[in-house]
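In what follows, a structure is listed as structure tokens, so that the remarks can point back to it.
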Amino acid sequence: GGSPQNHFNTVLYTGNGGDANSPQAITGVGFQPDWVWGKNRDAGKYHYLSDSVRGVSGGSLASNDTIIAEDIGFKAFGSDGFSVSDVDSGTANENNNKYVAWNWKAGTSFSNDASATGVGSIDSAGTVSTDAGFSIINLTGTGNVQTIAHGLSKAPELIIEKSRDKADNWVTFVAPIGNDGGLVLEGANAKIDASSYWNNTSPTSTVWTMGDQNAVNNSGQETIAYLFHSVDGYSKIGSYIGNGNANGSFVYTGFRPAFIIYKKTSGTGNWGILDNKRSPFNLTQAWVAANLNNAETNESARAVDFLSNGFKARGTNADLNTSGETYIYMAFAEQPFKYANAR
């Protein structure tokens, strides 16, 4: 419970070039994170995604690529943040480069023995926060349709999955676009219609269904999944229709956003990420894309108003706000609406 900052927070840092023998400790997160997603803002470097379920030894994944986990500089989880070192790629701690890291906390260990509980068809384990509507779950694929316990108290609305053993697509379920297909995180693709993703079955309050496709459900191979559902005053997963206008469609979240990620689903478009730390004053337009390694840009065409109870596109970039196109988003709160002031 408590404030949104107990479960999600963005931190900014400057790399110091410290290597594996002298990694840089990044603090100020406010909690020990279970998922850290970082990006070099100054240079065309890979994103790094590290989680406590795979652990530091599991290496980092990259949202912009299909690589299986490798060492791109993430060294440790700490009580108030994490540690990073500089490796050849400069992904996480290049001297004098600016970085952003988005941090989520789950915090309660979870495991499900499917044969013992009768929940799900295969075992799963990870870490969960039912308060924050967030879990990280590890499972072993079978190649057949399976149901998996997720540990949440409500049906997840966003599921992001990646094979740990095979360089293949990130497979993403988003409730607003239905259970008959999904998105790939590392690509700009429109919604891909495929019953093999979710077996045309929506998640329930106890399990989600994985179809027989082999990107993340290969027999004997491990897959990591990040699952979210909306929580009043803290997070919102939804959709909106663009209007192609500098007075964009108002999207109600019930809180002032601290972070949004959005994606066009009716056509090709990048996964845009905005937050209130890189853009502390409106308009919010310091932009990176989950599916690109590009450096951060600041463009009015990508500008978004973060409002006391939602957000509104002010730019008309096609990734964000084309008339009649459908977009999905996930937002996290700066503070609940009842305490919020417009910026």
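Would you check which residues across region 242-257 are more than 12 Å from TYR329 (Cβ to Cβ) and open to solvent by 10 Å² or more (accessible area, probe 1.4 Å) and list them?
The answer is ASN243, GLY244, ASN245, ALA246, ASN247, PHE250, GLY254, ARG256.
For region 313-324, indicate whether the set of residues that are open to solvent by less than 40 Å² (accessible area, probe 1.4 Å) and either in a strand (DSSP E or B) or closer than 16 Å to TRP102 by Cβ (or both) is non-empty.
The answer is yes; a qualifying residue exists.
Looking at (1) of a type outside the set (D, E, K, R); (2) under 17 Å from the mean Cα position of the chain (by Cα); (3) at pLDDT below 95, which one does SER3 not meet, given that it meets all the others?
So the condition that SER3 fails would be (2).
Take residues that are among the aliphatic types (A, V, I, L, M) and in contact (Cβ under 8 Å) with a residue 40 or more places away in the chain and tell me which of the strands (runs of 3 or more DSSP E) falling wholly in region 1-106 contain 1 or more.
Correct list: 8-14, 24-26, 35-40, 74-78, 81-84, 98-104.
Given the conditions (1) within 27 Å of LEU292 (Cα to Cα); (2) open to solvent by 40 Å² or more (accessible area, probe 1.4 Å); (3) out of contact with any Phe, Trp or Tyr (no Cβ under 7 Å at 6 or more places or on another chain), and given that SER239 satisfies all but one, which numbered condition is not satisfied?
That leaves (3) as the condition not met.
Across region 182-201, which residue is most open to solvent (accessible area, probe 1.4 Å) among those that are in a loop (DSSP other than H, G, I, E, B) and over 19 Å from ASN144 (Cβ atoms)?
This residue is ASN189.
Could you tell me whether any residue of region 262-283 is aromatic (Phe, Trp, Tyr), part of a loop (DSSP other than H, G, I, E, B) and under 17 Å from the mean Cα position of the chain (by Cα)?
Yes, region 262-283 contains at least one residue that is aromatic (Phe, Trp, Tyr), part of a loop (DSSP other than H, G, I, E, B) and under 17 Å from the mean Cα position of the chain (by Cα).
Of a type in the set (Asp, Glu) and closer than 26 Å to TRP208 by Cβ, is that true of ASP275?
Here the answer is no, as ASP275 does not meet what is asked.
Conditions tested, residue by residue: (1) at pLDDT below 95; (2) open to solvent by less than 30 Å² (accessible area, probe 1.4 Å); (3) hydroxyl-bearing (Ser, Thr, Tyr).
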| position | (1), (2), (3) |
| --- | --- |
| THR10 | no, yes, yes |
| THR14 | no, no, yes |
| ALA20 | yes, no, no |
| ALA69 | yes, no, no |
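Among the residues that make up region 289-301, is at least one of them open to solvent by 30 Å² or more (accessible area, probe 1.4 Å), out of contact with any helix residue (DSSP H, G or I) (no Cβ under 8 Å at 6 or more places or on another chain) and in a helix (DSSP H, G or I)?
yes
Here's a check for you: in region 115-137, which residue that is surrounded by fewer than 22 Cβ atoms within 10 Å (Cβ to Cβ) and without any contact (Cβ under 8 Å) to a residue 60 or more places away in the chain is nearest to LYS236 (Cα to Cα)?
Among those residues, the one meeting the criterion is THR130.
Of the conditions (1) of a type outside the set (Lys, Arg); (2) open to solvent by 10 Å² or more (accessible area, probe 1.4 Å); (3) touching a residue at least 40 places away in the same chain (Cβ under 8 Å); (4) closer than 14 Å to GLY211 by Cβ, ASN179 satisfies every one except a single condition; which number is it?
Answer for ASN179: the failing condition is (3).
Going by the structure shown, is THR142 open to solvent by 10 Å² or more (accessible area, probe 1.4 Å) and touching a residue at least 24 places away in the same chain (Cβ under 8 Å)?
Yes, satisfied.
The values are calculated or read from the model by the stated rules, or taken from the named source; none is laboratory data. Note that the structure is a prediction, hence the values are computed from the model and not measured. We place every Cβ from the backbone using ideal geometry, glycine too, and count neighbours over all the protein chains shown. In case anyone asks, the SASA skips ligands and DNA or RNA and just uses the protein heavy atoms, side chains included. Shrake-Rupley method; radii C 1.70, N 1.55, O 1.52, S 1.80 Å.
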